[in-house]
Amino acid sequence: MLNELYHLSEVLERERITLSDWHKYLKPLPNASEKKPCFRISIDQDGSITDIEAMEKENTSCLRKWEKSNGNSFPGFNIQPLYRISNEDNKKIIKRWREGKASIDLDLIKEWFSDEKTKNWDSNVFKRMNKCLREIPNELQELCANIPPQFISLKKLCERVLAWGDGCQDQLFQALDNYIWKFLEKNGYCQSLFSLLVHEGLSNKRPEDDRGSISVFLDVPDWDEYPVAHEKTIEYINSCLLNAASASTLETGKGQKDAFGRASNSHKDKLPGVKLPVIGEVKLRAMSSEIPCQNRYGTIDAESFLIGAESRKRVKSALEWLSSYDREGETWGRADKKELIFAYPTVLPRVPLKLAACLGARRSDDTEARFENYAKDVVDCLKGLAPSNKEIELRVFSLRKMDTARTKVVFHRNYSAQRLGEAAREWQQGCANTPVIRMRSWGMEKGKIILAEPETPFPLQIAECLNRVWGLDGTSKCEVKTIPKSAGIELLLDKSANLRQVPHLLNVALQNGKGLFLSLGNSLHSNDVIRIDGIKKHKQLMPAILGLLLWKLGIGKESYMSNPPYLIGRILKLADDLHALYCKEVRNNSLPPQLLGNALVVAALESPIQALAQLALRIAPYLGWARVNSTESAGLSRYILKEFGLLEDQLRNVTLPNRLDDPARAQLLLGYISGSFQTNETVKN
């Protein structure tokens, strides 16, 4: 990871982009949400609390806390709710208050809290609060000496917290308790403040293992120009910490260069961590002398890879710039629950370049745009950055959280911008390598039915689709991790991926997705309305993926639509169509759960000759009916008979295979779900 980030820092330096340099112990606050907000607590000059408010996420995103050790920080830190209730009957009463079904009973709450066991702050909390409210503010006050007038709020806060003295923990507890009770007595039930007062614990857990946690940030009500909870104040604290760190840095590596050719001073210090979206805190590099294999090359810990203070600052700032929340979809995106994908060009454009979104790592609220649109925007933007796109490299890598302590680079590739343009065109051509497939589905307007077609997947959706296992009844059984998220990116951009990767991807697609294709075909031929949202979106993506994989193998629809496997799939489709039409006219539209052709698809995938032999026996009654059908659907039944005849002519002089390989199975499935006459506007009754 260090190499990738150092290169990015050089790109940013060349583009004259100024990076923020945050002190390694000045860390972002936990992600706030509506359910778990961060509370701003204002401390008055007499030590009482004048206000408690839940801050908006936009406000907390620019705030930081000085945290020298895990859990010990200031002016932001975590506290536990003041009291803990685990009695199930009492929790039901609280739920009624929360839902507004009953008025809050303060006397009842006081009765609950009269039991000393309900107090949620124990000796361990008091010990941690002593560090957060005494040791750290005292040290911070010394480091931030000669505070200018506009940041006098910081000085006031430190003085007021330190004035609590040895009993600071009790002082904070009592101040919180007094404020919350007064507010509840005056205003009634308030969910946010009540969560500070009471933790609804689990009855089957010990109190010490189930106390809850709430993020708070201390401030003062009588600030001048800037409160403590302001980005300018945080920037001032950062400058003080950086100046102090710079003054105390020892030139231990003077005369020696680090791995990047810079001074190696402070190379023995622990590397700073960076808080990334989704996966949280990551260490830039971690080595341990306790791991025997680290002795292999005669060096260990910091000596195995020298990285000095300046290089550390550059890689840390580069990762913070790359993972900034406002660049989601541009330089980074979510590849998985525990994996982030990063992508950037070596020449940065002046306008936002949604490169990560083009790979499929879109913003969480961006669900409508398609690959074609993103690819066109990205390629057009890259064309204007250099005389030739060959001169621009695209750097792509992903970080995966392996466990609480370890983060790993699981994918790293460099591509040319020119290759992206070529690959995007090839990708779209491959995804269009399917017959006409139209699905009756619900549109955006409520109650409106539209005809949907296969959709070009984003590269990251390849693994998402192929790892989903479908049952033969069309239900999603589970998700496996057979295919890594990066497989789709390699399929898009690596020319050499075809020979070694595509056969495996096709095999997994058929094994895991067979049930989806059978269910889709049965629904299409029954003329059902299909849902294609959420996981069901795979019904639009999987046909395009099959077409893409066949195209990567050099099998285009111009040729495979004349191949026996595809034609056999068409015969099974026509059998479904005829069976459905028969049930509509003869059985009063009472369709069975599985149509005739659908029941033979699995057999055809293994032995097409045997499947066709079984079909010949089962379809005879329906063919006989179609020949004499005189209802309004007579035209459709004659059309089906005609199609059967055309397919028979194509297969008459062809030697049918006893067994099918994976490409042939894919062709059969595409033939089976190919456009039905019921949705084909060119077919007239």
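The values are calculated or read from the model by the stated rules, or taken from the named source; none is laboratory data. This is a predicted model, so every value here is computed, not measured. Cβ placement follows ideal geometry from the backbone for every residue including glycine, while neighbour counts extend to all protein chains displayed. What goes into the accessible areas is simple: the full protein's heavy atoms, side chains included, and nothing from ligands, DNA or RNA. Shrake-Rupley method; radii C 1.70, N 1.55, O 1.52, S 1.80 Å.
Here are the numbers for the structure shown:
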{"read-out": "Calculated P(r) tail over 24 Å for the stretch 296-436, as whole % of Cα pairs", "value": "41 percent"}
{"read-out": "With all protein chains modelled, accessible area of LYS283 [1.4 Å, Å²]", "value": "90 Å²"}
{"read-out": "0 to 90° range, to nearest 10: angle between helix 538-552 axis and the chain longest Cα axis", "value": "70 degrees"}
{"read-out": "Å² per residue, accessible surface of the stretch 394-487 at 1.4 Å", "value": "47 Å²"}
{"read-out": "Å³ per residue enclosed by the Cα convex hull of the stretch 1-135", "value": "204 Å³"}
{"read-out": "Whole-angstrom Cα spans of the stretch 170-225 along principal axes, big to small", "value": "49, 25, 20"}
{"read-out": "Nearest-ten-degree value, helix 231-248 long axis tilted from longest Cα axis of the chain", "value": "70 degrees"}
{"read-out": "Sparse-neighbourhood loop sites, trypsin sites (Lys or Arg not before Pro) in the stretch 81-183 - DSSP loop, at most 15 other Cβ within 10 angstrom", "value": "LYS101"}
{"read-out": "Residue-count net charge about LYS337 - beta-carbon cut-off 12 Å; Lys, Arg +1, Asp, Glu -1", "value": "+2"}
{"read-out": "Largest-first ellipsoid semi-axes for the stretch 410-465, taking √(5λ) over the Cα gyration tensor eigenvalues, angstrom", "value": "31, 15, 10"}
{"read-out": "Identified option (computed semi-axes √(5λ) of the Cα gyration tensor in Å; candidates (1) 45, 32, 23; (2) 49, 31, 23; (3) 61, 35, 21)", "value": "(3)"}
{"read-out": "The stretch 421-514 - convex hull of the alpha-carbon atoms, volume per residue in Å³", "value": "131 Å³"}
{"read-out": "With DNA, RNA and ligands ignored, accessible area of LYS383 (1.4 Å probe; Å², nearest 10)", "value": "130 Å²"}
{"read-out": "Antiparallel bridges, percent of DSSP beta bridges restricted to the chain (to nearest 5)", "value": "85 percent"}
{"read-out": "Probe 1.4 Å - accessible area at TRP223, Å² to nearest ten", "value": "110 Å²"}
{"read-out": "Size-normalised alpha-carbon gyration radius of the stretch 543-685, reference 2.2 N^0.38 Å", "value": "1.06"}
{"read-out": "Helical contribution to [θ] at 222 nm, DSSP H n ≥ 4, -39,500 (n - 2.57), averaged over the chain, rounded to 500", "value": "-14000 deg cm²/dmol"}
{"read-out": "The chain: angle of helix 608-628 to the longest principal axis, Cα-based, in degrees nearest 10", "value": "70 degrees"}
{"read-out": "Prolate/oblate/rounded call for the stretch 385-543, Cα gyration tensor, a/c under 1.5 rounded", "value": "prolate"}
{"read-out": "Solvent-accessible area, 1.4 Å probe, carbon plus sulfur percent, for the stretch 139-287", "value": "47 percent"}
